[in-house]
Amino acid sequence: MTTNLPAPRTSEDPDPRFWLGVFLPAAAVLAGCLALVAGWSPRLPAEVAQQWNWSTRAVTTVGPLWLNVLSLALPAAAVLCALAIMKWTGRLTGWGRRLSVVLLSGLAFFLAAALPAMLRGQMGLEDPWQAPDPRSATALVAVLSLAYGVLAAAVAGGRPLAADDDPGVPVSALDLAPEERAVWTTHLTAWVCLLGGGIPGLVLVALGLLTPLWGLSVAGVVLLVFAGVTGRWSVTVDHRGLTCTTLLGLGRFHVPANQGARAEVVAVRGLAEFLGWGIRVGSAGSVGLVFRNGEALRVHGRGGRSLTVTVRNAATAASLFNAQAARNTVSF
Amino acid sequence: MLIRLIPDPGSPLHEQIAAAVRAGILDGSLADGERLPAAKALGESLGVSLHTVLHAYQDLRDQGLIELRRGRGAVVIAPAPATRENALRILDDAASQLAVLGLSAETILALFRQRLDRSSPHDD
């Protein structure tokens, strides 16, 4: 008897599990929490407590209800949008797929559910400065959020949620003489990192200074440092392999030119894929430094992992890498 | 920028490095203001000493092709793309006209060098 196994499902097949099992429940949690708070609003004080002292548990900041709602609901909606855009643009691939689903859906859940957790104890109060510290409820929400994220990732399933990276064009090895030494090097300005980290960083710092949400300044400074560190890269192919380092030397990606490693030229999609630019993690543990559309160097190392970087004259870099890998293989 | 070093007693390593950088600047692949690799990193990549790379960079600086700035390293000084295109067009025209005269390349280069030296504002 012959059993015809069903064809393996591919990323091209319709996949309702993401929308029905991950996105819509998180969106429903957000909508439900907003509806709940709207229902509570007549019983809440005009201004509500926003921050508490960690030691004394006393209220340190109060503000309008709408500001409190916006400060949590907007980031929750933004996280959900990011999740949807990642799905649409094919970014939910590889080993980072489950992690992305856990983090983003869990974060959206937490931001949405923290709102009623924070406001529940303030119902019926005349004076918001008397509001009880909601840390217990918030801690419970954090645990539930993590559980929700893990559940959402499990629901999303094991097959690819989006297409894998496109195959590249193989490049023949550069003809190196036996004693010849060679290096290919270039510098990259990562505008997407400079602008993507710099502008939001400045906005957050300004918001933190101008509003009671001082914690935004800390996040803004972190973003500014990130932008400064990742805004300029040095890319080198030599006898050791492909190495990409930030100019400050604080970040480094490396694929050694050894047995089994190979380089190719690929055309990277970016402009049409929101969130497709920057430092990204793709399928099968691949890492991409994608700072623009078009020509890029991709090096496959051992274990199926790869490093892709958008550089001009990628064919020369790939041919040198292949030559160095062949030389190192022969010398083993 | 691709730099290839071939062991050759007649061509010191620093000259080969300088020639590769010079070729990159002249063919436009190295743009004005672009930073060259740090001498130490380039030396490690090529398996040569720091002194060899610095020697190459100093030669390029003496030729007016790069600037050596403290804290910024070696920075390329290259003509603007339009200027470079104009210069190449003039040289192409001159080369095609000189080829008709049957002069050797060495003679043409020597004459051209002489004319440049004569018109240089630094020659008093």
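The values are calculated or read from the model by the stated rules, or taken from the named source; none is laboratory data. All values reported here derive from a predicted model rather than from experimental measurement. Neighbour counts run over all protein chains shown; Cβ positions are idealised from the backbone, glycine included. Please note that ligands, DNA and RNA were not included when accessible areas were found on the heavy atoms of the full protein model with its side chains. Shrake-Rupley method; radii C 1.70, N 1.55, O 1.52, S 1.80 Å.
Only one of the numbered conditions (1) in contact (Cβ under 8 Å) with a residue 40 or more places away in the chain; (2) open to solvent by 70 Å² or more (accessible area, probe 1.4 Å); (3) within 12 Å of chain A (Cβ to nearest Cβ) is not met by residue B:72, and that is (1).
Restricted to segment A:287-332, the set of strands (runs of 3 or more DSSP E) holding at least 1 residues that are among the charged types (D, E, K, R) and either within 14 Å of chain B (Cβ to nearest Cβ) or surrounded by 24 or more Cβ atoms within 10 Å (Cβ to Cβ) (or both) comprises A:294-300. Tallying residues that are on the phi < 0 side of the Ramachandran plot and part of a loop (DSSP other than H, G, I, E, B) within segment B:15-36 yields 7.
For segment B:56-71, indicate whether the set of residues that are touching a strand residue (DSSP E or B) at 6+ places or on another chain (Cβ under 9 Å), farther than 18 Å from residue A:181 by Cα and modelled with pLDDT under 90 is non-empty. Yes. Within segment B:17-55, the set of residues being of a type outside the set (Ser, Thr, Tyr), open to solvent by less than 30 Å² (accessible area, probe 1.4 Å), within 23 Å of residue A:174 (Cβ to Cβ) and within 13 Å of chain A (Cβ to nearest Cβ) comprises B:17, B:20, B:21, B:24, B:30, B:36, B:37, B:42, B:43, B:46, B:48, B:53. Within this structure, residue A:188 fails the test of being in contact with a strand residue (DSSP E or B) (Cβ under 7 Å, 6 or more places away or on another chain), over 30 Å from residue A:112 (Cβ atoms) and in a loop (DSSP other than H, G, I, E, B).
Counting only residues that are modelled with pLDDT of 80 or more and open to solvent by 50 Å² or more (accessible area, probe 1.4 Å), segment A:276-286 holds 1 of them. For residue B:96, the criteria (1) open to solvent by 30 Å² or more (accessible area, probe 1.4 Å); (2) modelled with pLDDT under 90; (3) within 14 Å of chain A (Cβ to nearest Cβ) hold in every case but one, which is (3). Checking each residue in segment A:231-269 for being away from every other protein chain (no Cβ under 13 Å), part of a loop (DSSP other than H, G, I, E, B) and among the small types (Gly, Ala, Ser) picks out A:231, A:251, A:260, A:261. Just to verify a result, which residue in segment B:37-68, among those that are part of a loop (DSSP other than H, G, I, E, B) and not hydroxyl-bearing (Ser, Thr, Tyr), is nearest to residue A:233 (Cα to Cα)? Ranking the candidates gives B:37 first. On the stretch given as segment A:110-137, residues that are open to solvent by 40 Å² or more (accessible area, probe 1.4 Å) and within 25 Å of the chain's Cα centre (by Cα) total 1.
Would you confirm whether or not segment A:208-225 contains a residue that is open to solvent by less than 50 Å² (accessible area, probe 1.4 Å) and part of a strand (DSSP E or B)? No, segment A:208-225 contains no residue that is open to solvent by less than 50 Å² (accessible area, probe 1.4 Å) and part of a strand (DSSP E or B).
What is the residue count in segment A:173-197 for residues that are exposed (fewer than 14 other Cβ atoms within 10 Å of the Cβ) and either within 14 Å of chain B (Cβ to nearest Cβ) or at pLDDT below 85 (or both)?
Of the residues in segment A:173-197, 5 are exposed (fewer than 14 other Cβ atoms within 10 Å of the Cβ) and either within 14 Å of chain B (Cβ to nearest Cβ) or at pLDDT below 85 (or both).
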